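Structure first, then comments.
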Amino acid sequence: MSRIDRAKEAARQRIRESGLRPTRQRLALARLLFENGDRHVTAESLHAESKTAGERLSLATVYNTLHQFTAAGLLRQVTIEAGRSYFDTNVSDHHHFLVERSGELIDIPAAAVDVRKLPIAPKGHEVARVDVIVRLKAAERR
């Protein structure tokens, strides 16, 4: 079995195990997302990557698929600010550095951030997850 065939089969299996049907569009996007390790993408960057790879997908299809993958637990959505979200293939417990100039996200291991003093959740609620985003700028030269 070739590397491409193995990648296609791995994508198909991952999608099926999440409870989704492995459509052509989902398979194409899953291969792009998961084939080369953990990464952070926007819908727009993944759409551009899919076009470069020869896939004919609308931006709406990319958005819908990213949200379906997130709901199925395959991705984690990281919202930086209103209207600016990334999708993270690393769904483990971790935080992020945001390089403000470039928009690059860099993973921070969960154990590197101490969040012991959280407020008590309001009645009828519980804390689902804590997302810490540490914003970085270029250091001033001295």
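In this rough spin-label picture, where each label sits 7 Å from Cα along the Cβ direction, the K51-R12 distance is 3.0 nm. When K8, K137, K51, K123 are sorted by how many other C-beta atoms sit within 10 angstrom of their C-beta, beginning with the fewest, the order is K123, K137, K51, K8. When DSSP beta bridges are restricted to pairs lying wholly in region 92-136, around 60% turn out antiparallel. The separation of region 25-96 from region 112-136, counted between C-alpha centres, amounts to 24 Å. In this rough spin-label picture, where each label sits 7 Å from Cα along the Cβ direction, the I120-Q77 distance is 3.1 nm.
Over all pairs of different C-alpha atoms, the chain has a mean inverse distance whose reciprocal, the Kirkwood radius, equals 17.0 Å.
Where Rh is the Kirkwood radius over the Cα pairs of region 92-136, the temperature 10 °C and the viscosity 1.306 mPa s, what D in µm²/s does Stokes-Einstein return?
131
Highest mean first, what order results for 25-33, 126-134 on Cβ atoms within 10 Å?
25-33, 126-134
The order of S102, S85, going from fewest to most other C-beta atoms within 10 Å of their C-beta, is S102, S85. The calculated Kirkwood hydrodynamic radius for region 3-87 is 13.0 Å, given to one decimal from all distinct C-alpha pairs. Think of it as helices only: each DSSP H run of n ≥ 4 in the chain is worth -39500 (n - 2.57), and spread over all residues that comes to -11000 deg cm²/dmol at 222 nm.
The residues D107, D93, D114, when put in order of fewest to most other Cβ atoms within 10 Å, stand as D114, D93, D107. Within region 44-142, DSSP assigns beta bridges of which about 75% are antiparallel (rounded to the nearest 5). Shown is the FRET efficiency for E44 and R129, computed with R0 = 35 Å from the Cβ-Cβ distance and rounded to the nearest 0.05: 0.90.
We did not get these values from a lab; they are worked out from the coordinates using the rules stated. Just so it is clear, the structure is predicted and the values come from calculations on it, not from any experiment. For neighbour counting, all protein chains shown are included, and Cβ atoms are generated from backbone atoms with ideal geometry for every residue, glycine included.
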